1. Would you check which residues across segment 119-162 are under 23 Å from Gly34 (Cβ atoms), among the hydroxyl-bearing types (Ser, Thr, Tyr) and over 13 Å from the mean Cα position of the chain (by Cα) and list them?
2. Looking at segment 85-101, is at least one residue within 17 Å of the chain's Cα centre (by Cα), open to solvent by 60 Å² or more (accessible area, probe 1.4 Å) and either modelled with pLDDT of 95 or more or under 30 Å from Ala21 (Cα atoms) (or both)?
3. Of Leu146, Leu126, which residue is at pLDDT 90 or above and either open to solvent by 40 Å² or more (accessible area, probe 1.4 Å) or farther than 19 Å from Leu72 by Cβ (or both)?
4. Scan segment 39-66 and report the pairs whose first residue is closer than 18 Å to Leu116 by Cβ and whose second residue is surrounded by fewer than 17 Cβ atoms within 10 Å (Cβ to Cβ), with Cβ atoms within less than 7 Å and a gap of 6+ or a chain change.
5. Please work out which residue is surrounded by the most Cβ atoms within 10 Å (Cβ to Cβ), limiting yourself to segment 21-46 and to residues that are in contact with a helix residue (DSSP H, G or I) (Cβ under 8 Å, 6 or more places away or on another chain) and among the acidic types (Asp, Glu).
6. Could you pull out the residue among Leu172, Leu177, Leu196, Leu159 that is part of a loop (DSSP other than H, G, I, E, B), touching a residue at least 12 places away in the same chain (Cβ under 8 Å) and touching a helix residue (DSSP H, G or I) at 6+ places or on another chain (Cβ under 7 Å)?
7. Is it fair to say Ile101 is among the β-branched types (Val, Ile, Thr), under 30 Å from Ala26 (Cα atoms) and in contact (Cβ under 8 Å) with a residue 24 or more places away in the chain?
8. Would you mention how many residues in segment 127-149 are within 18 Å of Leu89 (Cβ to Cβ), touching a Leu at 6+ places or on another chain (Cβ under 8 Å) and basic (Lys, Arg)?
Amino acid sequence: MTTQRKPPSPAPRRSEASRRAILAAAFELVQEVGYARLSIEGIAARAGVGKQTIYRWWPSKGAVLFDAFLMLSEQPDGGASALPDTGDLEADLKAVLRATIEELNDPRYDEPMRALNTEITHDPALAALYAERLDGPMRELKKGRLRSAQRAGQLAEDLDLDVAVDMIWGPLLNRWLQRAGGLTPGYADSVVETALNGLRPRH
């Protein structure tokens, strides 16, 4: 006679209201106390849930903070916003980079974003999650806009789009991370112009 095994218990379902309360609490607390003092217990207390609820749904406070960023970027239809495509590549890229700089300069996001970037460098699992769920999809949107410019004859057909994305968006992130200089609309415009015009002298 064989012993029948009990079917595995279903994974606990998340309450959407609790999920949003937890993510909002994490985002608020990291601004108030800094990432070093942020704790699962503190998030639970602010959100009004048990800490075991958080531990069941997220493996670390870094993962909670990452999901908080995803919640902020959620669109009503569940998709991601496409980059503007007016037909004027330079104007579109300048608009996008100026918006990026505005976000990087927003004091509400500065501490949480720096904390998340620091955690990603130390947590390979979180880095992989970030690449899959946020950076990868955003990179595809950026490449899509550049690909449209290629079809319009505004960029070289053999352009490496991954390298182009790094050249256009990389300087902003590097300057912000290193606190190496001011992030201004003029700097955004200069980055776009330099990337599109190239570094060689014109003849």
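The values are calculated or read from the model by the stated rules, or taken from the named source; none is laboratory data. Since this is a predicted model, take the numbers as computed values, not measurements. Backbone-built Cβ (ideal geometry, glycine too); neighbour counts: all protein chains shown. When the accessible area is computed, the model is the full protein with side chains, heavy atoms only, and any ligands, DNA or RNA have been set aside. Shrake-Rupley method; radii C 1.70, N 1.55, O 1.52, S 1.80 Å.
1. Result: Thr121, single match.
2. Taking every residue of segment 85-101 in turn, at least one turns out to be within 17 Å of the chain's Cα centre (by Cα), open to solvent by 60 Å² or more (accessible area, probe 1.4 Å) and either modelled with pLDDT of 95 or more or under 30 Å from Ala21 (Cα atoms) (or both).
3. Leu146
4. Ile40/Lys51; Ile40/Tyr55; Trp57/Arg14; Lys61/Ser39
5. Among those that are in contact with a helix residue (DSSP H, G or I) (Cβ under 8 Å, 6 or more places away or on another chain) and among the acidic types (Asp, Glu), it is Glu28.
6. Leu159
7. Yes: the conditions hold for Ile101.
8. 4
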